[in-house]
Amino acid sequence: MSGQVNKNLEESAPGPGFLEAHLTKSYGSFRLTADFKLVEPGITVISGPSGAGKTTLLNLLAGLSRPDWGYIRGPEKVYFDSNQGICAPPEKRNISYVFQRSRLFSHFSVKNNLLFASRFGNRPLRPGSWEKVVSLLGLTALLGRRPHTLSGGEAQRVAIGRALLAEGDLLLMDEPLSSLDRERKTELLGYIAKIPERLGVPILYVTHAEEELLALAQRVLEVFQGQCRWRETDARAENFSARAKGGDL
Amino acid sequence: MTGPILQELFSFPAYLTLKVGLSCLALHLLVTLPLAWWLSGPRSWARRGVSLLVTLPLVFPPIALGFILLTLLGRQGLLGVPLESIFGLRLVFSQAAVVLAAFVAGLPLLARPLEAALKREEIKELAQAARTLGCGPLKAFVTVTLPQVGPVLGSGLLLSLARATGEVGVTLMLGGNIVGRSNTLSLEIYNSVAHGEFDRAMALCLILAVCGLLFYLILEKLTPSGS
């Protein structure tokens, strides 16, 4: 296994956002199996019903949980390889993460939350990224506020900004809009859709909401009962467009 | 009454009590804080065992606990023999023994609430978020977890300090209540009553009452309102 990983690394020079995962993880009777490669930029949606293993998969990729077996490869190094005994901790993976709940640090202002990775995480800001992120997400007016004074939508925007300013090669988003009302969802979907193009960061976006999938997905990785497989997005989108036109949705 | 109070305020027992309290604060930050962090990890037999030992001063009579510590740390004790032969430390009936007694008595008042706070899912989630933002485990603990549990840490330290200043049972056994060496304010109240010096005992009580009131007021400040 490890020999194969090294061979692949030598053969190709993967760009930012590249991720290859071939792994299994078991919790009691539940078993997640993933075997996929992300090579293209843009937004990849991980879709599937609740309990299918979507969050588990993101946690494994981010290093918050450890696979039982397999490997995970990033653009520059191997994050996990059970054969070689490699398991890079989350802080060494250069993968940013937006969680279901904003998880903002209440003892810091919005500005200090946004600057957390550069101040404490040894992830210096790239030139111009502060201005880009703050303007893209409309955060200027919020910078001096404390997290407990923010609405749900504002808090998630700050969480997205904080993750983007960690300057990761890949952004993981775990149902970031699930706790928001429809209006806030629509507003934030607009912000998220612009991220790959404006900031050059590929996104792996978990959702089971079809409206989010339709609005964002350039490709879809389906997770069902612990198994991952690619889905034809266009066909799916056409199907949904047709249903939407027919008034089914 | 003002004269005796002032006199007692600058006496050896008051000095020793202050010294013991401050030493306990330092010990709690150095020992109890990392201990509570370790205890908040996944359940194991080792953690259960240590948790039982930490809780013991709350559920076991102090005088009995003091006696057990005395037999363990005494010159012929299981721990006393190696302590003296290897490090040349003779702990019992010393000021170090008074500090140890106060530390043990206050340990559960800080360790248990802190452990419970560190076990909260939202605290762990915030630490995870810090890890994905580039912090190692220690930095995530210092920059995120510690400020989040700050009020619990503060109130726990204060309660353990209050317990340290009022400790009698374990201190009596381990420290020996030797005048000029191990007689704290609380033990001095006992000594005064034993000698029929009731005015002196009252003056000492008033000093401890003011300390208690101060602890209470600071605790009130540390407790979040409306939660």
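Every number here is computed from the coordinates shown, using simple stated rules; none is lab data. Because the structure is a prediction, the values reported are computed rather than measured. Every residue, glycine as well, gets a Cβ built from its backbone with ideal geometry; the counts of neighbours run over all protein chains shown.
Miscellaneous remarks
- Antiparallel DSSP beta bridges within chain A, as percent of all bridges there, nearest 5: 55
- D (Stokes-Einstein, µm²/s), Kirkwood Cα radius, the stretch B:66-145, 0.692 mPa s at 37 °C: 210
- Model label points for B:Thr55 and B:Ile178, set 7 angstrom from Cα along the Cα-to-Cβ axis, are 3.6 nm apart.
- Under the Debye formula (equal points on every Cα, no solvent term), log10 I(q)/I(0) of chain A at q = 0.07, 0.08, 0.14 Å⁻¹: -0.24, -0.31, -0.96
- Separation between Cα centres of the stretch B:105-167 and the stretch A:47-116, rounded to whole Å: 24
- Scaled against the 2.2 N^0.38 Å expected of a compact globular protein of N residues, the Cα radius of gyration of the stretch B:2-222 reads 1.14.
- With contacts taken as Cα pairs under 8 Å at a separation of at least 6 residues, chain B carries a relative contact order of 30 percent.
- Largest GNM mean-square fluctuation among A:Gly51, A:Gly128, A:Gly74, using chain A with Cα springs under 10 Å: A:Gly128.
- Globularity index of the stretch B:1-119, i.e. its alpha-carbon radius of gyration over 2.2 N^0.38 Å: 1.25
- Each residue of the stretch A:67-72 was assigned a 3J(HN,Hα) from its phi angle through the Karplus curve 6.51 cos²θ - 1.76 cosθ + 1.60 (θ = phi - 60°); the sequence is x, 6, 7, x, 8, 9 Hz, with glycine and proline shown as x.
- Rounded if a/c under 1.5, otherwise prolate or oblate - the protein assembly as shown, Cα gyration tensor axes: prolate
- Per-residue ellipticity at 222 nm computed for chain A from its helices equals -10500 deg cm²/dmol, with DSSP H segments shorter than 4 residues left out and the rest contributing -39,500 (n - 2.57).
- The simple Förster model, with R0 at 45 Å and r as the Cβ-Cβ distance, assigns B:Glu220 and A:Arg126 a FRET efficiency of 0.45.
- Of all DSSP beta bridges confined to the protein assembly as shown, the antiparallel ones make up roughly 55%.
- Look at where the Cα atoms of the stretch B:1-60 and of the stretch A:182-205 average out, and the two centres are 51 Å apart.
- Chain B, helix-only ellipticity at 222 nm - DSSP H runs n ≥ 4, -39,500 (n - 2.57), divided by all residues, nearest 500: -23000 deg cm²/dmol
- Among B:Gly134, A:Ala166, A:Phe105 - extreme Cα towards positive end, dipole of the protein assembly as shown, charges at beta-carbon: B:Gly134
- Lysines with Cα under 29 Å of A:Lys77, excluding same-chain neighbours fewer than 8 positions away: A:Lys7, A:Lys25, A:Lys37, A:Lys54, A:Lys92, A:Lys132, A:Lys194, B:Lys124, B:Lys139
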